[in-house]
Structure formats: structure tokens, C-alpha cells
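Structure first, then comments.
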Amino acid sequence: MAVKRIIVLHGLYMSGFVMRPLCYQLKKAGYDILNLTYNSLSPDKGEIFQQIDAFIDGQSAALVCHSLGGLIARAYLEHQSEQSAHIEKVITLGTPHKGSHIAQHMHDKGFERLLKNSVEFLLSNNADWPFKAKLFSVAGDLPLGLMPILRKGSESDGTVLLDETRLHGMAEHQVFHLSHTSMIYSRQVLEYILNTLATKH
């Protein structure tokens, strides 16, 4: 079945507002959109999952997520609700699937109060993607941010290491010359998302 509904999840320290331009383009392409705003420092999984379930309502669906949002999406699939079986594709933008080096650094240096409950997701240590829904992981290699200082010579989007965006079992890994936040607004990334949603895999 072709994807009809798309749940969009923002990243840390953000809200659904930053995802509006992307949502507008997805809606223009004919998809029903849930631009879900949640408290990224203290994500309420029960409330988030309930909203996603209600929106899917038995229709084929996809998740499009930035950064932390991709880890929330994983938790949703792990929850294995009846509606989660309708998720066909998960497209993540700059998601640290293997766990976030920057979050670990902040935690180790005593700045965990700046992360609060998001560490449950950001300090995860995932090795693979075991779900029926196919994962398309988009990464950036324009290192504008703290990462070049923390890990000299590393490949990153400035916030997330390139290696953190790779998982065994993913359907595809695509790298664009973009920084962590700019990929949300990139025409290249939008075209990739639209093509991925429209193509049978």
C-alpha cells in the first residue's frame, strides 16, 4: 500500500514550528500530516504514542524525523501497538541511532540537567534496525557545530557523527553536504524524502 499519512517528529530543543516548511511541502504533495510537538527534554511516551496511533487510524503511514525524533520513532515501533504495524517507512534526518556522542559528553561533564529525560533516548546504544518498517537514514557532512572541537578529524554534521547515523538493517543511508539543522530546510533532502515515500521498496 502507498503511504497516505506522515507523522513528523522534531528534534531536541525544538518544536513542531521548525518543521512547518517541510510539512507544508509534504502536504502539498498530497499527504496527510501530523506535525507532532512534544516536550523534547521530558518526552511523554504514552501521550506521544497515543497521538500517533490515533492519527494512523489503520492507514499506511510513514515517520519523518529530525535528530532525537528518530529515536522517539524507534521507541514507538518497539512499543508494538496495533497501529504501529501500519508504519511502512521511517526517514530520519541527522538521527544518532547509535547514541549521541555530544549527549554523552554533556552527561559525563555534569551537564545532564540540560538534557533531562531525553538521555533515555540519546544515550541509547542501538546496533541494528530490527523492524518491518524500512529505515532511510539521512546524514550531513557539513561540520558546523561543536563536534569538530570534541572529535577533531571526525566526519559529522556538526552535531551528530556520520557513524552514529548508520545501522545494520537500514534500507538506505544517504549523505548530503549539510549541517544538522539545515537538512530540515534543504530542497535536496525534500526531494529525497518525496522520492523515498513514492517509491516501492
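Hey, could you check region 77-111 for residues that are of a type in the set (A, V, I, L, M) and at pLDDT below 95 and say which is farthest from the chain's Cα centre (by Cα)?
Across region 77-111, the extreme among qualifying residues is M106.
So, of the residues in region 45-59 that are among the hydrophobic types (A, V, I, L, M, F, W, C) and closer than 16 Å to I6 by Cβ, which turns out to be most open to solvent (accessible area, probe 1.4 Å)?
Only one residue fits best here, namely A54.
Within region 18-42, work out how many residues are touching a residue at least 60 places away in the same chain (Cβ under 8 Å) and either hydroxyl-bearing (S, T, Y) or open to solvent by 20 Å² or more (accessible area, probe 1.4 Å) (or both).
Qualifying residue count, region 18-42: 8.
Which of the residues that make up region 130-185 are over 16 Å from the mean Cα position of the chain (by Cα) and acidic (D, E)?
Scanning region 130-185 gives D141, E155.
Is it true that L114 is surrounded by fewer than 21 Cβ atoms within 10 Å (Cβ to Cβ) and at pLDDT below 95? Spell out how you get there, then give the answer.
Details: surrounded by fewer than 21 Cβ atoms within 10 Å (Cβ to Cβ): yes; at pLDDT below 95: yes.
Yes.
For region 181-201, which residues satisfy the criterion of being touching an Asp or Glu at 6+ places or on another chain (Cβ under 9 Å) and open to solvent by 20 Å² or more (accessible area, probe 1.4 Å)?
Once the filter is applied, which keeps residues that are touching an Asp or Glu at 6+ places or on another chain (Cβ under 9 Å) and open to solvent by 20 Å² or more (accessible area, probe 1.4 Å), region 181-201 yields T181, S182, H201.
From (1) closer than 16 Å to N117 by Cβ; (2) over 13 Å from the mean Cα position of the chain (by Cα); (3) assigned to a loop (DSSP other than H, G, I, E, B), pick out the condition that doesn't hold for L12.
(2)
If we keep just the residues of region 128-156 that are among the aliphatic types (A, V, I, L, M) and either free of Cβ contacts under 8 Å to residues at least 24 places away in the same chain or assigned to a loop (DSSP other than H, G, I, E, B) (or both), which is least open to solvent (accessible area, probe 1.4 Å)?
That would be A133.
A quick yes/no check of all residues on (1) basic (K, R); (2) in contact with a Gly (Cβ under 7 Å, 6 or more places away or on another chain):
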| site | (1), (2) |
| --- | --- |
| I72 | no, no |
| H86 | no, yes |
| I91 | no, no |
| S100 | no, no |
| R113 | yes, no |
| N117 | no, no |
| S124 | no, yes |
| G140 | no, yes |
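Kindly provide the set of residues from region 89-111 that are more than 20 Å from K45 (Cβ to Cβ), touching a strand residue (DSSP E or B) at 6+ places or on another chain (Cβ under 9 Å) and either open to solvent by less than 10 Å² (accessible area, probe 1.4 Å) or in a loop (DSSP other than H, G, I, E, B) (or both), ordered by number.
Those that are more than 20 Å from K45 (Cβ to Cβ), touching a strand residue (DSSP E or B) at 6+ places or on another chain (Cβ under 9 Å) and either open to solvent by less than 10 Å² (accessible area, probe 1.4 Å) or in a loop (DSSP other than H, G, I, E, B) (or both): I91, L93, G94, K98.
Can you tell me which residue within region 6-17, out of those that are in contact with a helix residue (DSSP H, G or I) (Cβ under 6 Å, 6 or more places away or on another chain) and either without any contact (Cβ under 8 Å) to a residue 60 or more places away in the chain or among the aliphatic types (A, V, I, L, M) (or both), is surrounded by the fewest Cβ atoms within 10 Å (Cβ to Cβ)?
Selected residue: L12.
If you go through region 112-127, how many residues are under 16 Å from the mean Cα position of the chain (by Cα) and part of a helix (DSSP H, G or I)?
Total satisfying the criteria: 5.
The values are calculated or read from the model by the stated rules, or taken from the named source; none is laboratory data. Small disclaimer: the values here were computed from a predicted structure and weren't measured. Cβ coordinates were reconstructed from backbone atoms using ideal geometry, including for glycine residues, and neighbour counts include every protein chain displayed. When the accessible area is computed, the model is the full protein with side chains, heavy atoms only, and any ligands, DNA or RNA have been set aside. Shrake-Rupley method; radii C 1.70, N 1.55, O 1.52, S 1.80 Å.
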